[in-house]
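Structure first, then comments.
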Amino acid sequence: MAASRYRRFLRLCEEWPAENSKRQRDLGLVLRQRVAQAFREGENTPISDPEACDQMYESLVRIHTNFYKNKYPRLKDTTFTGVTVEDCRMILATDILKQMGDMEKGTWKRLREKFSAKKPEEDSK
């Protein structure tokens, strides 16, 4: 039975889309890493709790197939603020979040980081 569970998780990993805009924060990437970690021995990996494994798989399938989005359709594709799904995706992209983090720094700190030979983490030591 471990072999069939392993193959189901692999199939799910293959189907899960990768979001290039969310480098190091992509759910598909985390899923692939966790499956590789959980099934280190591949099809021969012993599963200590098969029920929990099956439950996890079913939960991930529901997320992947947008089960609840389809079950409870929304009247509009915006939030109460009027922001659309595409706007949210753009705002949550890694590059934009990094730019926003840089904007939060003060002018002096940005200049010091730009012209300093050592990293800012070393400065605080």
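The values are calculated or read from the model by the stated rules, or taken from the named source; none is laboratory data. What you are looking at is a predicted structure, and each value in this text was computed from that prediction instead of being measured. Because the Cβ atoms are built from the backbone with ideal geometry, glycine has one as well, and the counts that use them run over all protein chains shown.
Brief remarks follow.
- Restricting segment 55-72 to residues that are part of a helix (DSSP H, G or I) and more than 21 Å from the chain's Cα centre (by Cα), the residue that is nearest to residue 14 (Cα to Cα): 70
- Filtering 29, 92 for residues that are farther than 18 Å from residue 2 by Cα, among the aliphatic types (A, V, I, L, M), at pLDDT below 85 and out of contact with any His (no Cβ under 7 Å at 6 or more places or on another chain) leaves a single hit, 92.
- Residues within segment 4-49 that are exposed (fewer than 12 other Cβ atoms within 10 Å of the Cβ), more than 22 Å from the chain's Cα centre (by Cα) and in a helix (DSSP H, G or I), tallied: 2
- Count - residues of segment 73-92 that are surrounded by 10 or more Cβ atoms within 10 Å (Cβ to Cβ) and in a loop (DSSP other than H, G, I, E, B): 3
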